[in-house]
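First up is the structure itself, then whatever we jot down about it.
The values are calculated or read from the model by the stated rules, or taken from the named source; none is laboratory data. Bear in mind the structure is a predicted one, so any value in this text is a computation, not a measurement. Backbone-built Cβ (ideal geometry, glycine too); neighbour counts: all protein chains shown.
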Amino acid sequence: MDFNKKALGEEELKWFLEKMKLVEAFSILSDDELKELLSHMRGFEFKAGITLVNQGEAANLFFIVQTGEVEVLVQKFLFKKKKVAILKSGDFFGESVLVSNPKRSATVITKTDTTCFVLLKPSFQTLLNQVPLFKKLIKTTYSKRKAELKKV
């Protein structure tokens, strides 16, 4: 995979706190909880056209898009993939493998050069267990997305 690790500094912290307060699931977290979450994340820069995750693969990563755009595709038939979403700055993906499903439910490809915050499953699950309302909101997001994928 063509990517570069990116150092997370004050600029990233400011962006993270501002953007996550606008995301329903994350808006209930305190600044301290968001800072703790960010401390477990790593920043990565990806070139356009890179496949970040593949449908059906086992995974343990959660992504938040900082800059750029990613395309979400679902394979419905043997050779047919359908675009189901474009995610932009502040959007996230990967929650399904973290709250219930051990397999990826979609393929995600960078449409443009993209920077993401990436979190490993164990760190994410710790926060889910510490903040029950956060866990409920993430599961709600997962359920909505799962229902949308079934319509495709």
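Listing for the model above:
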{"quantity": "Residue among Leu22, Leu78, Leu73, Leu37 that alone is part of a helix (DSSP H, G or I), over 12 Å from the mean Cα position of the chain (by Cα) and of a type in the set (A, V, I, L, M)", "calculated": "Leu37"}
{"quantity": "Leu73 under 19 Å from Asn54 (Cβ atoms) and free of Cβ contacts under 8 Å to residues at least 60 places away in the same chain", "calculated": "yes"}
{"quantity": "Residue in segment 23-43 that is closer than 18 Å to Thr110 by Cα and among the β-branched types (Val, Ile, Thr) present", "calculated": "no"}
{"quantity": "Filter pass, Gly68 being over 24 Å from Gln125 (Cα atoms), of a type outside the set (Lys, Arg) and surrounded by 19 or more Cβ atoms within 10 Å (Cβ to Cβ)", "calculated": "yes"}
{"quantity": "Qualifying positions in segment 111-144 - touching a Lys or Arg at 6+ places or on another chain (Cβ under 7 Å) and not in a helix (DSSP H, G or I)", "calculated": "Asp113, Thr115, Val118"}
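Yes/no matrix, rows are residues, columns are (1) modelled with pLDDT of 90 or more; (2) within 18 Å of Arg42 (Cα to Cα):
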residue: Ser89; (1), (2): yes, yes
residue: Glu95; (1), (2): no, yes
residue: Val99; (1), (2): no, no
residue: Ser105; (1), (2): no, no
residue: Phe117; (1), (2): yes, yes
residue: Ser123; (1), (2): no, yes
